[in-house]
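The values are calculated or read from the model by the stated rules, or taken from the named source; none is laboratory data. The shown structure was predicted, so the numbers you read here are calculated from the model rather than taken from an experiment. For neighbour counting, all protein chains shown are included, and Cβ atoms are generated from backbone atoms with ideal geometry for every residue, glycine included. Accessible surface areas use protein heavy atoms only, side chains included; no ligands, DNA or RNA. Shrake-Rupley method; radii C 1.70, N 1.55, O 1.52, S 1.80 Å.
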Amino acid sequence: MEAAKDWIVDQGWSRYTADEHAVWLELYERQARLLEGRACAAFLHGLDVLDLRGEGVPDFARISDRLEALTGWRVVPVAGLVPDAAFFDMLAARQFPAGRFIRGRARLDYLQEPDVFHDVFGHVPMLTDPIFADYMQAYGQGGQRARGLGQMHNLARLYWYTVEFGLMRTAEGPRIYGAGIVSSAKETVHALEDPAPRRLDFDLERLMRTPYRIDDLQALYFIIPSLETLLDVTQRDFAATYERLRDLPDIGIGAMLPGDEDIGVGEATPTHCSPVGGAVAEAD
Ligand code: HBI
Ligand code: FE
């Protein structure tokens with residue numbers, strides 16, 4: 001864990017200003033309202049059980065004590081993105097690295113670098129689910145192995161299309177579990193209700209061959225049938241999968257392959273939620 005230790009900083013919770021706490025609450029209220037009927041049950045449960053609204057920016061030590069009692073995970077303050085080696089070591093040790101800065105009011109809607117709202121509001125609630133908690137640790141262990149195999153880009157795609165931008169099937173229709181979606185007002189509505197993006201059933205090898213865009217609303221989402229699917233994925237022999245993918249070309253985000261069953265908007269729109277117009281107006 002030597003590598004990871006170098007990147008851990010003190011959160012300095014007492015130094016947040018009243019305005020920074022107010023920004024947290026404003027972002028929290030907006031997203032919590034938008035996510036009713038759009039986020040999966042595990043995410044909404046995590047928000048509640050960790051009391052993530054609180055009085056403003058959460059104290060990582062406080063939420064970590066609650067989280068650790070549930071699934072053994074802790075939230076660890078870091079100064080920003082950490083190198084892959086340290087990142088995987090931390091996930092393998094059930095330590096989720098979270099940025100401590102919060103966006104300013106001028107950048108309420110989008111920022112490149114993950115801030116505490118993206119990392120804690122976006123990623124931490126799902127870590128209260130035992131299956132997802134196991135997946136994230138197994139992902140970290142997979143990353144430690146993949147580094148030796150030089151297959152980082154396949155694994156980064158797996159993280160992107162599940163942990164960051166994943167959708168899941170439920171009895172009520174597709175629901176969101178990806179942190180990049182739940183922490184963004186625009187993406188929350190876009191992911192489930194906009195006719196533009198494609199939504200395909202989860203297929204590990206297809207996903208690992210599909211590049212992604214980092215600076216725009218997603219054009220493609222993968223939908224898992226259940227969280228157990230994620231855990232099954234990590235039980236596979238990644239080395240054999242990498243071997244098979246090594247000489248295969250990438251698949252374009254817009255490519256239609258035989259058998260592609262695009263889960264259109266009709267199936268995705270949640271039943272009981274504010275009319276899309278209202279939501280989109282709010283997100284703009
Ligand atoms: N560091 N703090 C932080 N947060 C991340 O999500 C993160 C990272 N370093 C590397 C990394 N993600 C990527 O390699 C993963 O997307 C695979
Ligand atoms: Fe993230």
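Structure values in brief
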quantity: The range 66-94, residues that are within 16 Å of ligand 2 (Cβ to nearest atom) and surrounded by fewer than 16 Cβ atoms within 10 Å (Cβ to Cβ); calculated: Ala79, Gly80, Leu81, Pro83
quantity: Top-ranked residue of the range 238-265 - restricted to ones that are part of a helix (DSSP H, G or I) and under 24 Å from the mean Cα position of the chain (by Cα), ranked as modelled with the lowest pLDDT; calculated: Val265
quantity: Residues of the range 104-116 classified as within 16 Å of ligand 1 (Cβ to nearest atom) and either of a type in the set (Asp, Glu) or open to solvent by less than 10 Å² (accessible area, probe 1.4 Å) (or both), total; calculated: 3
quantity: Unique residue being free of Cβ contacts under 8 Å to residues at least 60 places away in the same chain and of a type in the set (Asp, Glu) when the list is Asp115, Asp201; calculated: Asp115
quantity: Residue that is surrounded by the most Cβ atoms within 10 Å (Cβ to Cβ), among those in the range 126-160 that are within 13 Å of ligand 2 (Cβ to nearest atom) and within 24 Å of Leu35 (Cα to Cα); calculated: Met126
quantity: Any chance Arg198 is in contact with a Cys (Cβ under 9 Å, 6 or more places away or on another chain) and either within 16 Å of ligand 2 (Cβ to nearest atom) or among the basic types (Lys, Arg) (or both); calculated: no
quantity: Pair list, Cβ < 6 Å and 6+ apart or interchain, from the range 161-176 residues that are under 21 Å from Tyr139 (Cα atoms) to residues that are within 12 Å of ligand 2 (Cβ to nearest atom); calculated: Glu164/Gly178; Glu164/Ala179; Glu164/Gly180; Phe165/Gly178; Phe165/Gly180; Phe165/Ile181; Gly166/Gly178; Ile176/Val182
quantity: Selected residue (criterion: surrounded by the most Cβ atoms within 10 Å (Cβ to Cβ)) from residues of the range 168-184 that are away from ligand 2 (no atom under 16 Å from the Cβ) and hydrophobic (A, V, I, L, M, F, W, C); calculated: Met168
quantity: Matching residues, the range 223-247, being touching a Lys or Arg at 6+ places or on another chain (Cβ under 8 Å) and either without any contact (Cβ under 8 Å) to a residue 40 or more places away in the chain or within 16 Å of Met168 (Cβ to Cβ) (or both); calculated: Ile223, Ile224, Pro225, Ser226
quantity: Checking Asp215 against (1) surrounded by fewer than 18 Cβ atoms within 10 Å (Cβ to Cβ); (2) in contact (Cβ under 8 Å) with a residue 60 or more places away in the chain; (3) away from ligand 2 (no atom under 16 Å from the Cβ), the condition it does not meet; calculated: (3)
quantity: Residue check, Pro97 in contact with a strand residue (DSSP E or B) (Cβ under 7 Å, 6 or more places away or on another chain) and either more than 13 Å from ligand 2 (Cβ to nearest atom) or in a loop (DSSP other than H, G, I, E, B) (or both); calculated: no
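Let's see how each residue does on (1) in contact with a helix residue (DSSP H, G or I) (Cβ under 8 Å, 6 or more places away or on another chain); (2) over 21 Å from Val189 (Cα atoms); (3) within 12 Å of ligand 1 (Cβ to nearest atom):
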position	(1), (2), (3)
Val9	no, yes, yes
Arg15	no, yes, no
Asp48	no, yes, no
Glu55	yes, yes, no
Pro58	yes, yes, no
Gly72	yes, yes, no
Val82	yes, yes, yes
His118	yes, no, yes
Gly122	yes, no, yes
